[in-house]
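Chemist: Quick one: this structure, given as structure tokens, is what I'll be asking you about.
The values are calculated or read from the model by the stated rules, or taken from the named source; none is laboratory data. All of these numbers come straight from a predicted model, not from anything done at the bench. Cβ: placed from backbone, ideal geometry, glycine included. Neighbour counts: every protein chain shown. Note: accessible area is taken over every heavy atom of the protein model, side chains too, but ligands, DNA and RNA are not part of it. Shrake-Rupley method; radii C 1.70, N 1.55, O 1.52, S 1.80 Å.
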Amino acid sequence: MSINQEFRIDRGIKSEARDVASVHISSWQETYEGIMDSAYLASLSISKRTANWEQYIESPNYNQDQILLILKLVKSKKIIGFCAVSPARLFRDQFDYEIQAIYVLKKFQNKGLGKTLFLEAANFVRSLNKNSFYLGVLEENKTIKFYEHMDGQLHSQFEMVSIGNHTHKEIFYSWRVDELQK
């Protein structure tokens, strides 16, 4: 799907897993600097993340009920963001789907690209005749403002998650796709 002459969104393929892993790690390092232990952020492994994304893409359910949306520059085909959507792993009795990850490199933020990627994820959920999804975010993450701007409803439950040598509070936002623009 072409967004404009500069950017497009495609479904991820296995050969892109390493580039997705690179964006994933860079985004964590940009987003969580000062929030997470710097040694932990420096230790993130491109090979492990690549293997994780290859496994995700090779899942038998890929392109059926889970998807990896890739945000690219049109000319260079460089991956600058992504969004992973799958059936809900938590709160299954309340929500159909989950955004497992959504990241746009800092250099490309505040251009409407995250919103476009987010709405494309909502369209994927809608295409499956499902109506709700959620995502988890660390409470210290400044992108919470983005989820609030997208009218996310703060869920009453939270989890404490261990990352590196620290424990963080993960909070959850949810949406109904019929309340989002198509």
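Chemist: Looking at region 91-182, which GluC sites (Glu not before Pro) are in a loop (DSSP not H, G, I, E or B) and have at most 15 other Cβ atoms within 10 Å?
Modeler: Sites meeting the loop and neighbour criteria: Glu139, Glu140.
Chemist: Percent relative contact order of the chain, based on C-alpha pairs within less than 8 angstrom and at least six residues apart?
Modeler: Rounded, it is 20 percent for the chain.
Chemist: Ok, one more. Quick one: 3J(HN,Hα) in Hz for region 99-104, Karplus 6.51/-1.76/1.60 with θ = phi - 60°, rounded, Gly and Pro as x.
Modeler: 8, 6, 7, 8, 9, 10
Chemist: So, one more: Please name whichever of Thr116, Ile80, Gln100 sits farthest to the positive end of the charge dipole of region 46-118, dipole taken about the Cα centre and charges placed at Cβ: Lys and Arg +1, Asp and Glu -1.
Modeler: The Cα lying farthest towards the positive end belongs to Ile80.
Chemist: Calculated from DSSP H runs of 4 or more alone, at -39500 (n - 2.57) each and per residue, what is the 222 nm mean residue ellipticity of the chain, nearest 500?
Modeler: -9000 deg cm²/dmol
Chemist: Can I ask one more? Treating the chain as a set of equal point scatterers at the Cα positions, no solvent, please give the Debye-formula log₁₀ I(q)/I(0) at q = 0.16 Å⁻¹.
Modeler: -1.05
Chemist: Please get the size of the charge dipole for region 1-152, origin at its Cα centre, with Cβ charges of +1 on Lys and Arg and -1 on Asp and Glu, quoted in debye to the nearest 20.
Modeler: So the dipole magnitude of region 1-152 works out to roughly 580 debye.
Chemist: Sticking with this one: If you take the charge dipole of region 63-158 about its Cα centre, with +1 on Lys and Arg Cβ and -1 on Asp and Glu Cβ, which of Leu90, Leu69, Val137 is farthest toward its positive end?
Modeler: Value: Leu69.
Chemist: Continuing with the same structure: Between Lys75 and Met150, how high is the FRET efficiency from 1/(1 + (r/R0)^6) when r is the Cβ-Cβ distance and R₀ = 30 Å? Nearest 0.05.
Modeler: Once rounded, the FRET efficiency stands at 0.55.
Chemist: Quick one: how many lysine pairs does region 73-148 have with C-alpha atoms less than 23 Å apart and a gap of 8 or more or different chains? Give me the count, please.
Modeler: Step by step, the pairs that qualify in region 73-148 add up to 23.
Chemist: List the trypsin sites (Lys or Arg not before Pro) within region 1-89 that fall in a DSSP loop (any state other than H, G, I, E or B) and whose Cβ has at most 15 other Cβ atoms within 10 Å.
Modeler: Of the trypsin sites (Lys or Arg not before Pro), the ones in loops of region 1-89 whose Cβ has at most 15 other Cβ atoms within 10 Å are Lys75, Lys77, Lys78, Arg89.
Chemist: I would also like to ask the following. For region 1-149, what is the accessible area per residue in Å² when the probe is 1.4 Å?
Modeler: Counting only protein heavy atoms, the per-residue value for region 1-149 is 52 Å².
Chemist: Still on this structure, I have one more. Specify the inter-centroid distance of region 145-175 and region 86-130, based on alpha-carbon positions, in whole Å.
Modeler: Cα centroid of region 145-175 versus Cα centroid of region 86-130: 14 Å apart.
Chemist: Which of the trypsin sites (Lys or Arg not before Pro) across region 116-156 are loop residues per DSSP, with 14 or fewer other Cβ within 10 Å?
Modeler: Taking region 116-156 and a limit of 14 other Cβ atoms within 10 Å, the loop trypsin sites (Lys or Arg not before Pro) found are Lys142.
Chemist: Got a sec to turn the phi values of region 116-122 into Karplus ³J(HN,Hα) couplings, 6.51 cos²θ - 1.76 cosθ + 1.60 with θ = phi - 60°, whole Hz, x for Gly and Pro?
Modeler: Computed from phi, the couplings for region 116-122 are 5, 4, 4, 5, 5, 4, 4 Hz.
Chemist: Another one. Could you tell me what percent of the accessible area of the chain is made up of carbon and sulfur, with a 1.4 Å probe and every protein chain present?
Modeler: Its accessible area is 45 percent carbon and sulfur atoms.
Chemist: What translational D, rounded to a whole number of µm²/s, comes out for region 1-54 from Stokes-Einstein when the hydrodynamic radius is the Kirkwood one over Cα pairs, at 4 °C and 1.567 mPa s?
Modeler: 104 µm²/s
Chemist: So what is the relative contact order for region 1-104, in percent, with contacts set as C-alpha pairs under 8 Å and at least six apart?
Modeler: In percent, rounded to a whole number, it is 29.
Chemist: Could you give the length gained by full extension between Asn52 and Asn165, i.e. 0.36 nm per residue of separation minus their alpha carbon distance, to one decimal place?
Modeler: The span from Asn52 to Asn165 would gain 38.5 nm if fully extended.
Chemist: Counting only other residues whose beta carbon sits under 12 Å from that of Lys14, what net charge do I get with K and R as +1, D and E as -1?
Modeler: So the surrounding residues net to -2.
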